[in-house]
Amino acid sequence: MRHLQEIPHSHFRMGLYAWNNKFILKIETGPYEQTYKISEMDVTTAEEVIQLLDADFLERVGQRFGEMATDWTATQNRHEFD
C-alpha cells in the first residue's frame, strides 16, 4: 500500500493511500479507525476523493466514531472489563 497524502482535519487523522486499483481512505480518532475503499474506476484522482469529504460526510463519520465508542464500552461492561 502506497501512502499518497495526509488530509488535514481538526478532529480526525486522515490518510489517503493507493492499493490494488483502489484509493484507501483511513480516518482515525483515538483507538478507532474507519476505512473506505474507493475503486479507481469510480474516482480517478486523489483530489476527487478529497472533494467527497464534505461536511455532511465528516459529520456522519464523527457520529459513527461515537457509536463505535458506545458499542465498545457496552461490551466491556457486559463482560465486566474495566
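Protein heavy-atom accessible surface, 1.4 Å probe, per residue over the chain: 72 Å².
Evaluated with a Cβ-only charge set (Lys, Arg +1; Asp, Glu -1), the chain carries a dipole of roughly 220 debye about its Cα centre, given to the nearest 20.
What does the charge add up to near Asp71, with Lys and Arg as +1, Asp and Glu as -1, over the other residues with Cβ less than 13 Å from its Cβ? Could the numbers behind the result be given before it?
Working: positive: Arg64, Arg78; negative: Glu67.
Value of the local net charge: +1.
Percent of accessible area on the chain owned by carbon and sulfur, 1.4 Å probe? Accessible surface attributable to carbon and sulfur in the chain totals 51 percent.
Per residue, how much space in cubic angstrom lies within the convex hull of the C-alpha atoms of the range 31-82? Before the final figure, lay out the partial values.
Working: hull volume 4.8 nm³, N = 52.
Per-residue hull volume (Cα only) is 91 Å³.
Short-range pairs are left out: with C-alpha atoms under 8 Å and at least six residues apart, the relative contact order of the chain is 17 percent.
Can you tell me how much longer the chain between Ala69 and Glu33 gets when fully stretched, taken as 0.36 nm per residue apart minus their C-alpha distance, in nm with one decimal?
Numbers: separation 36, 0.36 × 36 = 12.96 nm, distance 1.10 nm.
Here the segment from Ala69 to Glu33 would lengthen by 11.9 nm.
Per the helix-only calculation at 222 nm, which mean residue ellipticity applies to the chain, given -39500 (n - 2.57) for every DSSP H run of n ≥ 4 and division by its residues, nearest 500 deg cm²/dmol? Could the numbers behind the result be given before it?
Working: 2 runs with 30 residues, N = 82.
Theoretical 222 nm ellipticity from helices: -12000 deg cm²/dmol.
Residue separation of Glu6 and Glu40 scaled by 0.36 nm, minus their Cα-Cα distance, works out to 10.4 nm of gained length. Kindly provide the Kirkwood hydrodynamic radius of the range 1-62 in Å, to one decimal, from all pairs of distinct alpha carbon atoms. The answer is 11.9 Å.
The values are calculated or read from the model by the stated rules, or taken from the named source; none is laboratory data. None of these values were measured; they are calculated from a predicted model. Here the Cβ is made from the backbone with ideal geometry for all residues, glycine too, and neighbour counts use every protein chain on show. These accessible areas exclude ligands, DNA and RNA; they are computed on the full protein's heavy atoms, side chains included. Shrake-Rupley method; radii C 1.70, N 1.55, O 1.52, S 1.80 Å.
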